[in-house]
Amino acid sequence: MPVLLLGPRLQTKLILAMLSRLIPVVLCGIALAQAPAQAPPQQIDLTKFPAAAVDDVVVPVPSEVFNVLDKLGSPNWSAELRDNLGQSSGDRAQVALLLGTVIAEGFIAVQAKNAERVKKIGQEVLTLADAINVRSAVIARSKSITEKADARDWAAVRSEFDGALQDVRGAMEQLGDDDLAQLVSLGGWIRGTEVLTSIVGKNYTPDGSQLLCQPELVNYFSRRVDEMRNTRLKKSRLVTKVRRLLKDIRPLIKRDTITVETVQKINTMTNEVVVTITTQES
Amino acid sequence: MANVKKILLGTLVVGLGLSVAVARVDDALSFAHEAADPYTKEGFTVREDAWGGDLGVKDQQAVTAQLFKGNTYWFWLGTDTPGAVITVHLYDSDGKLVESAYWQKGRFAAAKVTPAKTGTYYAIVTVEKSSRERSNWALVYGYR
């Protein structure tokens, strides 16, 4: 095999020649990298950005909300767990919404530090994912949820539930089921809002109620439901009910501080829809 | 969104052209995660999903996020374009700058906010300098 061998002197000459070319480039790079960042404007006009960019909202993962709730006190999470996770009717819209509520239930079980419940929910996530052809996306998550629940590693379990939600959504989007993916998020959001309003309503503080100030997120969900391409899905009784819920909640969460009466009202509204989702009415 | 899209991790892509495009965004995403990495040791949880696209020089892109009072957030930005300078800054729904810290180092940038109230916030991504007509970028965020 031919090998290029260089003597020490030739090597030095080559290195020097290379350095003379590289130094300006490196200096330029360092200057660029260390250039002080220009101060950003204190005020911008958001209307100048494309509507599409501003209108789409990054949907928060449930952990972001539970992370705040952790700092607000130690509510009785066990009392928030539902005895029955609900039944799949076979209707894809119902299954997608139900899957969202079950994943949200997983977070509540984590808060309650109930390992057996967490494991049961992990299994149910797998069953429901199977019903809408995305089982393979959550097999590893389901296994990991069980292992981490056994190890009582609650932060890790929470992270796995976050990941399961993302994985299910990602898999559905890859299958072209964007509408169903949205329903999974919505199911999670509705059940999450139900339990959030329950917790905040029982031990009301203005700071706690602020967690409900999500007008743009509700607008975003409403738009996504309105823009569903699958007309049959869009006009189904369950999706119509979800759309009405979003429309009714919107004016209630526009204020910076939400009263205890409003919190309780939202709780009743979301509870009704969760019951509808979990009792196979579609 | 016009130029911003959620990046699906672990996407199986069929077709060479699309593979290359995704690879570039993946590279930008790797840099965003590289910027985020040290913060995980400080207790920040980095979201598994990410957002990205491509922008021309001096072009800007807004990413809208629902943030919660009580959490602290860092947004980390990366680009795959060598020598490019990118920035990310955070504004509230009135268009007021709200970040409490930011930094910019070539193809990496980051900004931090501890929201004074729960609500809608905007991460504004800008390509300040680049040798390419368009530069791929990727944004991730984390919370504590």
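The values are calculated or read from the model by the stated rules, or taken from the named source; none is laboratory data. Remember, predicted model here, so these are calculated numbers, not experimental data. When we count neighbours, we look across all protein chains shown, and the Cβ atoms used for this are built from the backbone with ideal geometry, even at glycine.
Looking only at the range B:126-144, count how many residues are assigned to a strand (DSSP E or B) and under 14 Å from B:D54 (Cα atoms).
Counting residues in the range B:126-144 that are assigned to a strand (DSSP E or B) and under 14 Å from B:D54 (Cα atoms) gives 10.
Taking only the range A:156-201 into account, find how many residues are of a type in the set (D, E, K, R) and without any contact (Cβ under 8 Å) to a residue 40 or more places away in the chain. It would help to see each step written out before you state the result.
Taking the range A:156-201 and keeping what is of a type in the set (D, E, K, R), we get A:158, A:160, A:162, A:167, A:169, A:173, A:177-179, A:191, A:194.
Checking the rest, the ones that are also without any contact (Cβ under 8 Å) to a residue 40 or more places away in the chain come to A:160, A:167, A:169, A:173.
So the count comes out to 4.
For the structure I just gave you, tell me whether B:T118 is surrounded by 21 or more Cβ atoms within 10 Å (Cβ to Cβ), in contact (Cβ under 8 Å) with a residue 12 or more places away in the chain and either facing chain A (nearest Cβ under 7 Å) or over 15 Å from the mean Cα position of the chain (by Cα) (or both). Even if it seems obvious, please write down each step before you answer.
Working: surrounded by 21 or more Cβ atoms within 10 Å (Cβ to Cβ): yes; in contact (Cβ under 8 Å) with a residue 12 or more places away in the chain: yes; either facing chain A (nearest Cβ under 7 Å) or over 15 Å from the mean Cα position of the chain (by Cα) (or both): yes.
So B:T118 passes the test.
Test A:E160 against the criterion of being among the acidic types (D, E), closer than 19 Å to A:R117 by Cα and surrounded by 23 or more Cβ atoms within 10 Å (Cβ to Cβ), and give yes or no. Before you say what the answer is, go through the steps one by one.
On the way: among the acidic types (D, E): yes; closer than 19 Å to A:R117 by Cα: yes; surrounded by 23 or more Cβ atoms within 10 Å (Cβ to Cβ): yes.
So A:E160 passes the test.
With the requirement that a residue be buried (at least 20 other Cβ atoms within 10 Å of the Cβ) and more than 20 Å from B:T118 (Cα to Cα), what does the range A:234-249 give you? Before you say what the answer is, go through the steps one by one.
Filtering the range A:234-249 down to residues buried (at least 20 other Cβ atoms within 10 Å of the Cβ) leaves A:238-239, A:242, A:245-246, A:249.
Of everything in the range A:234-249, those that are buried (at least 20 other Cβ atoms within 10 Å of the Cβ) and more than 20 Å from B:T118 (Cα to Cα) turn out to be A:L238, A:V239, A:V242, A:L245.
Go through the residues of the range A:75-83 one by one and say whether even a single one is buried (at least 21 other Cβ atoms within 10 Å of the Cβ), under 21 Å from the mean Cα position of the chain (by Cα) and not small (G, A, S). Break it down into steps so the answer makes sense when it comes.
Applying the first criterion (buried (at least 21 other Cβ atoms within 10 Å of the Cβ)) to the range A:75-83 yields none.
Within the range A:75-83, none of the residues are buried (at least 21 other Cβ atoms within 10 Å of the Cβ), under 21 Å from the mean Cα position of the chain (by Cα) and not small (G, A, S).
Residues of the range B:66-93 being at the interface with chain A (Cβ under 10 Å from one of its Cβ atoms), in contact with a helix residue (DSSP H, G or I) (Cβ under 8 Å, 6 or more places away or on another chain) and not hydrophobic (A, V, I, L, M, F, W, C), which ones?
The answer is B:Q66, B:K69, B:G70, B:N71, B:G83, B:Y91, B:S93.
Identify the residue in the range A:203-233 that is touching a residue at least 24 places away in the same chain (Cβ under 8 Å) and acidic (D, E) and, among all such residues, is surrounded by the most Cβ atoms within 10 Å (Cβ to Cβ). Reasoning before the result, please.
Initially, the range A:203-233 is screened for residues touching a residue at least 24 places away in the same chain (Cβ under 8 Å), giving A:203-225, A:228-230, A:233.
From what is left, the residues that are acidic (D, E) are A:207, A:216.
Numbers: A:D207: 16, A:E216: 19.
Restricting to residues being touching a residue at least 24 places away in the same chain (Cβ under 8 Å) and acidic (D, E), the top hit is A:E216.
Against the condition modelled with pLDDT under 85, touching a strand residue (DSSP E or B) at 6+ places or on another chain (Cβ under 6 Å), within 14 Å of chain B (Cβ to nearest Cβ) and part of a loop (DSSP other than H, G, I, E, B), how does A:A37 come out, does it pass?
In short, yes.
For A:V200, state whether it is surrounded by 15 or more Cβ atoms within 10 Å (Cβ to Cβ), touching a Gly at 6+ places or on another chain (Cβ under 7 Å) and under 17 Å from B:F68 (Cβ atoms). Explain how you work it out, then say what you get.
Numbers: surrounded by 15 or more Cβ atoms within 10 Å (Cβ to Cβ): yes; touching a Gly at 6+ places or on another chain (Cβ under 7 Å): yes; under 17 Å from B:F68 (Cβ atoms): yes.
Considered against the rule, which asks whether it is surrounded by 15 or more Cβ atoms within 10 Å (Cβ to Cβ), touching a Gly at 6+ places or on another chain (Cβ under 7 Å) and under 17 Å from B:F68 (Cβ atoms), A:V200 comes out as yes.
Does the range A:168-178 contain any residue that is surrounded by 21 or more Cβ atoms within 10 Å (Cβ to Cβ) and away from chain B (no Cβ under 11 Å)? Break it down stepwise before answering.
The first filter runs over the range A:168-178 and keeps only residues surrounded by 21 or more Cβ atoms within 10 Å (Cβ to Cβ), leaving A:168-172, A:177.
Next cut, away from chain B (no Cβ under 11 Å) only: A:168, A:177.
Yes: the range A:168-178 contains one or more residues that are surrounded by 21 or more Cβ atoms within 10 Å (Cβ to Cβ) and away from chain B (no Cβ under 11 Å).
Among the residues of the range A:234-271, count how many are in contact with a helix residue (DSSP H, G or I) (Cβ under 8 Å, 6 or more places away or on another chain), part of a helix (DSSP H, G or I) and charged (D, E, K, R).
Residues flagged as in contact with a helix residue (DSSP H, G or I) (Cβ under 8 Å, 6 or more places away or on another chain), part of a helix (DSSP H, G or I) and charged (D, E, K, R) within the range A:234-271 amount to 7.
Answer with yes or no whether A:N133 is in contact with a Pro (Cβ under 9 Å, 6 or more places away or on another chain), touching a residue at least 40 places away in the same chain (Cβ under 8 Å) and away from chain B (no Cβ under 13 Å).
no
Return only the number of the condition from (1) closer than 30 Å to A:N230 by Cα; (2) surrounded by fewer than 21 Cβ atoms within 10 Å (Cβ to Cβ) that A:A151 does not satisfy.
(1)
Do we have A:T127 as surrounded by 23 or more Cβ atoms within 10 Å (Cβ to Cβ), touching a residue at least 12 places away in the same chain (Cβ under 8 Å) and of a type in the set (S, T, N, Q) here?
Values: surrounded by 23 or more Cβ atoms within 10 Å (Cβ to Cβ): no; touching a residue at least 12 places away in the same chain (Cβ under 8 Å): yes; of a type in the set (S, T, N, Q): yes.
Spelling it out, it is not the case that A:T127 is surrounded by 23 or more Cβ atoms within 10 Å (Cβ to Cβ), touching a residue at least 12 places away in the same chain (Cβ under 8 Å) and of a type in the set (S, T, N, Q).
Could you tell me whether A:S74 is in a loop (DSSP other than H, G, I, E, B), at pLDDT below 95 and under 20 Å from A:A155 (Cα atoms)?
Details: in a loop (DSSP other than H, G, I, E, B): yes; at pLDDT below 95: yes; under 20 Å from A:A155 (Cα atoms): yes.
Taking the combined requirement at face value, the residue satisfies it.
When you scan the range A:59-80, how many residues do you find that are out of contact with any Asp or Glu (no Cβ under 6 Å at 6 or more places or on another chain) and closer than 28 Å to A:N219 by Cα? Steps first, answer last, please.
Of all residues in the range A:59-80, those out of contact with any Asp or Glu (no Cβ under 6 Å at 6 or more places or on another chain) come to A:59-60, A:62, A:64-80.
Okay, now just the ones that are also closer than 28 Å to A:N219 by Cα, so A:59-60, A:62, A:64-72, A:80.
Residues flagged as out of contact with any Asp or Glu (no Cβ under 6 Å at 6 or more places or on another chain) and closer than 28 Å to A:N219 by Cα within the range A:59-80 amount to 13.
In the range B:118-138, which residues are in contact with a helix residue (DSSP H, G or I) (Cβ under 6 Å, 6 or more places away or on another chain) and not aromatic (F, W, Y)? Spell out the reasoning first.
First, the residues of the range B:118-138 that are in contact with a helix residue (DSSP H, G or I) (Cβ under 6 Å, 6 or more places away or on another chain): B:118, B:120, B:136-138.
Once the filter is applied, which keeps residues that are in contact with a helix residue (DSSP H, G or I) (Cβ under 6 Å, 6 or more places away or on another chain) and not aromatic (F, W, Y), the range B:118-138 yields B:T118, B:T120, B:N136, B:A138.
Go through the range A:78-101 and give me each residue that's touching a Leu at 6+ places or on another chain (Cβ under 9 Å) and farther than 24 Å from A:R232 by Cα.
Passing the criteria: only A:L85.
Need the failing condition index for A:I121 against (1) in contact with a helix residue (DSSP H, G or I) (Cβ under 6 Å, 6 or more places away or on another chain); (2) touching a residue at least 60 places away in the same chain (Cβ under 8 Å), just the number.
(2)
Would you confirm whether or not the range B:41-57 contains a residue that is more than 7 Å from chain A (Cβ to nearest Cβ), more than 21 Å from A:G163 (Cβ to Cβ) and at pLDDT below 90?
No, every residue in the range B:41-57 fails to be more than 7 Å from chain A (Cβ to nearest Cβ), more than 21 Å from A:G163 (Cβ to Cβ) and at pLDDT below 90.
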